[in-house]
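Presented below is the structure to which this report refers.
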Amino acid sequence: IYGRESYDVLCQQIYRHAETIGCAVEVFQSNHEGTLIDAIQAAQAGYSGIVINPGAYAHYSYAIYDALRAADVPAVEVHISDITAREPFRAVSVTAAACVKTICGHGLAGYLEAMDYLKAKAPERSEKKPPLAGCVGAPIV
């Protein structure tokens, strides 16, 4: 369902892509909801976007939804698999409604697509850092 690439491979792809498109990134991963919320809230202090894979939290975390809504930066939700083609309980993402775009089923490339989208839509504000690529949720194994 998620492929065979490791989390380290994903991070390498993100850093390489960021360099290619001229974008600085910070990669962050946690399995703890509160820690993810803290990172979302901290992104307001200088980032121009968030790429988030909330994993299973997508299906029930109104706390992450609220944090994304309150953040003053756009977020793109990424799912490696196509959640709409899986079990019925996975087809609905409560967090997606707080995001400007959702990318599902594109594998690890979905993270890079999200970065491209945010870079293209980023406001021209010199005080903001380029998009944050937040790889969150369960590690990819």
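The values are calculated or read from the model by the stated rules, or taken from the named source; none is laboratory data. A quick note: this is a predicted structure, and the numbers were derived from the prediction, not measured. Cβ atoms come from the backbone with ideal geometry, glycine included; neighbour counts cover every protein chain shown. The accessibility values were calculated without ligands, DNA or RNA, using every heavy atom of the protein model including side chains. Shrake-Rupley method; radii C 1.70, N 1.55, O 1.52, S 1.80 Å.
So, of the residues in segment 1-37 that are small (Gly, Ala, Ser) and under 14 Å from residue 110 (Cα atoms), which turns out to be surrounded by the fewest Cβ atoms within 10 Å (Cβ to Cβ)?
This residue is 3.
Just to be sure before I move on: is residue 29 in a loop (DSSP other than H, G, I, E, B), touching an Asp or Glu at 6+ places or on another chain (Cβ under 7 Å) and not small (Gly, Ala, Ser) in the structure I sent?
no
Among the residues of segment 38-58, write down those that are closer than 28 Å to residue 87 by Cα, open to solvent by 30 Å² or more (accessible area, probe 1.4 Å) and either hydroxyl-bearing (Ser, Thr, Tyr) or at pLDDT 95 or above (or both).
57
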